[in-house]
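Q: Mind having a look at this structure? Questions to follow.
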Amino acid sequence: MQPAVCHTFYNRGMNQLDILLPFGLPPADLAKDLLRQCNTPALAMLLARAKALQSESFDPFSRALPHETWLAGKFLADYTATSSSPPLADALMRQHGLQAETGTWFVVQPVHFHIARDHLVLTDPRQLVLPDAESRLLFEAARPLFEEAGKTLVYGDAATWFVQADDWSDLHTATPDAACGHNIDIWMPRGEAELAWRKLQNEVQMHWHMHEVNAEREARGARPVNSLWLWGGASMAHGTHAPASAAPYTDTFRLHGWGLAPGASAARNHGDCDAFDIVLARPRRGLLLLDALQAPALAADWGNWLQQLQILETNWFVLLLSALQGGRLKHVNLILTHNTGLAEYGVSKASLRKFWIKPSLDRLLP
């Protein structure tokens, strides 16, 4: 039976697929032990016979993860890594059907802080599993507090809200993924308005402490929603949210969560596609985001990381390697990251003919 195709596809000749694999690089201290447990011959073939294109190290205190910085550099005009999170509020608002013409807007996410010895730690927001009904009740409890502070709070979805705060444009914020698992004091917003944000954040925390939503969540063993995370500030009037002028890709695949592709270029955005869809699409220049390794890596759950890598091997790398060998893909770039580094490798059908190079995952070693 033919696989379902998620879009109308065209055969357009020469094609290349970039595969972004956040946390495809294991941590240096565990890399050898983890790779010994891997059974991923297709990925090993792609890596071993590829050409190294670039390698970059990042400050461990960068306020965005390497793959987030890479994506922002591709899709936001004139973007360069700064001491703040990428200005994604506008792109994410448009993804949620919202439009802001002026002002400075931030992404606001309901989150859980947990206590670790003498400090608070941001839990991965994915672990909250916050239903829409609960999120809306918490939103309605928080909105009057924002209004009292002269700020406009707007609902996007259960995990993503937005706030207009024109006088907070100087704040340097961190993405939640860069901050999660760490002492929040290091990653909290910095700037002249940081005390104003902390005051508002504290007021929301107090109102939520005894909220019925959290009482019900704790009763069923779920984590309470006890704070907010502010990031992604974009000043619309200054165009910091502007998309790249030239489309970097003709097609994007599974680029969910960032909202960059539709507004950033004329790229055709394919949502929950599989490897068959991509081979059939034959993109002239495509980008595939495979982020299944991110959540287990952020949680330091390396057993699950190995399981997810095996699933990626079965569902993606085997077929994409076959497509490259058969000429349905002409070139594949692998962009692999961890929390402080990025490495890119390029492989073609011709380079796969280097039979004297044995398949190996050694390129994932530090």
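The values are calculated or read from the model by the stated rules, or taken from the named source; none is laboratory data. Worth saying up front: this structure is predicted, and the values here are computed from it rather than measured. Note: ideal-geometry Cβ built from the backbone for every residue, glycine included; neighbour counts use all protein chains shown.
Q: Output the qualifying pairs, or none if there are none: Cβ atoms under 6 angstrom, residues six or more apart or on different chains, first residue in segment 77-99 and more than 19 Å from Pro248 (Cα to Cα), second residue modelled with pLDDT of 90 or more and in a loop (DSSP other than H, G, I, E, B).
A: Filtered contacts from segment 77-99: Ser84/Arg63; Ser84/Thr173; Ser85/Arg63; Ser85/Ala64; Ser85/Thr173; Ser85/Ala174; Ser85/Thr175.
Q: Related question: What number goes with the only condition from (1) in contact (Cβ under 8 Å) with a residue 24 or more places away in the chain; (2) farther than 28 Å from Gln95 by Cα that His209 does not pass?
A: With (1) in contact (Cβ under 8 Å) with a residue 24 or more places away in the chain; (2) farther than 28 Å from Gln95 by Cα applied to His209, the lone miss is (1).
Q: Also, quick follow-up: Can you tell me which residues in segment 196-225 are loosely packed, with under 15 Cβ neighbours inside 10 Å and farther than 18 Å from Lys151 by Cα?
A: Across segment 196-225, the qualifying residues are Met206, His209, Met210, Glu212, Ala215, Glu216, Glu218, Ala219, Arg220, Gly221.
Q: Could you tell me how many of the residues in segment 283-319 are in a helix (DSSP H, G or I), more than 28 Å from Leu122 (Cβ to Cβ) and in contact with a helix residue (DSSP H, G or I) (Cβ under 7 Å, 6 or more places away or on another chain)? Walk me through how you get there before you give the answer.
A: First, pick out the residues of segment 283-319 that are in a helix (DSSP H, G or I): 294-298, 302-319.
Then keep just the ones that are more than 28 Å from Leu122 (Cβ to Cβ); that gives 310, 313-319.
Retained after the next criterion (residues that are in contact with a helix residue (DSSP H, G or I) (Cβ under 7 Å, 6 or more places away or on another chain)): 313, 315-319.
The number of residues fulfilling the criteria is 6.
Q: Which of the residues belonging to segment 168-195 are assigned to a helix (DSSP H, G or I) and more than 20 Å from Glu147 (Cβ to Cβ)? I'd like the intermediate steps shown before the answer.
A: Let us first name the residues in segment 168-195 that are assigned to a helix (DSSP H, G or I), namely 168, 176-179, 184-187, 194-195.
Selection gives Pro176, Asp177, Ala178, Ala179, Ile184, Asp185, Ile186, Trp187, Glu194.
Q: Take the residues in segment 113-152 that are buried (at least 20 other Cβ atoms within 10 Å of the Cβ) and not hydroxyl-bearing (Ser, Thr, Tyr), then tell me which one is farthest from Gly233 (Cα to Cα).
A: Glu134
Q: Restricting to segment 320-352, what's the tally of residues that are closer than 30 Å to Ala64 by Cα and part of a strand (DSSP E or B)?
A: Count: 14.
A quick yes/no check of all residues on (1) part of a strand (DSSP E or B); (2) over 27 Å from Leu21 (Cβ atoms):
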| position | (1), (2) |
| --- | --- |
| Glu56 | yes, no |
| Gly73 | no, no |
| Val107 | yes, no |
| Arg126 | no, no |
| Leu138 | no, yes |
| Ala142 | no, yes |
| Val154 | yes, yes |
| Val163 | yes, yes |
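For (1) within 25 Å of Arg136 (Cα to Cα); (2) touching a residue at least 24 places away in the same chain (Cβ under 8 Å), each residue gets a yes or a no:
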{"residue": "Asp166", "(1), (2)": "yes, yes"}
{"residue": "Asp170", "(1), (2)": "no, no"}
{"residue": "Trp187", "(1), (2)": "no, yes"}
{"residue": "Arg223", "(1), (2)": "yes, yes"}
{"residue": "Asn226", "(1), (2)": "yes, yes"}
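Q: Scan Phe276, Phe355 and give me the residue that is among the hydrophobic types (A, V, I, L, M, F, W, C), surrounded by fewer than 20 Cβ atoms within 10 Å (Cβ to Cβ) and in a loop (DSSP other than H, G, I, E, B).
A: Phe355 is the lone residue from the list that is among the hydrophobic types (A, V, I, L, M, F, W, C), surrounded by fewer than 20 Cβ atoms within 10 Å (Cβ to Cβ) and in a loop (DSSP other than H, G, I, E, B).
Q: For segment 238-283, name all the residues that are in contact with a strand residue (DSSP E or B) (Cβ under 8 Å, 6 or more places away or on another chain) and at pLDDT below 60.
A: Thr240, His241, Ala242, Pro243, Ala244, Ala261, Pro262, Gly263, Ala264, Ser265
Q: Look through Ala179, Ala193 and report the one residue that is of a type in the set (Gly, Ala, Ser), modelled with pLDDT of 95 or more and surrounded by fewer than 17 Cβ atoms within 10 Å (Cβ to Cβ).
A: Numbers: Ala179 fails: surrounded by fewer than 17 Cβ atoms within 10 Å (Cβ to Cβ).
One residue alone meets the criteria, Ala193.
Q: If you take the residues in segment 93-105 that are outside any strand (DSSP E or B) and in contact with a strand residue (DSSP E or B) (Cβ under 6 Å, 6 or more places away or on another chain), which one is modelled with the highest pLDDT?
A: My answer is Gly103.
Q: How many of the residues making up segment 24-53 are among the small types (Gly, Ala, Ser) and part of a loop (DSSP other than H, G, I, E, B)?
A: Count: 3.
One line per residue, one yes/no per condition, for (1) surrounded by fewer than 21 Cβ atoms within 10 Å (Cβ to Cβ); (2) in contact with an Asp or Glu (Cβ under 9 Å, 6 or more places away or on another chain); (3) among the polar types (S, T, N, Q):
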{"residue": "Ala52", "(1), (2), (3)": "yes, yes, no"}
{"residue": "Glu56", "(1), (2), (3)": "yes, yes, no"}
{"residue": "Pro86", "(1), (2), (3)": "no, yes, no"}
{"residue": "Ala91", "(1), (2), (3)": "no, no, no"}
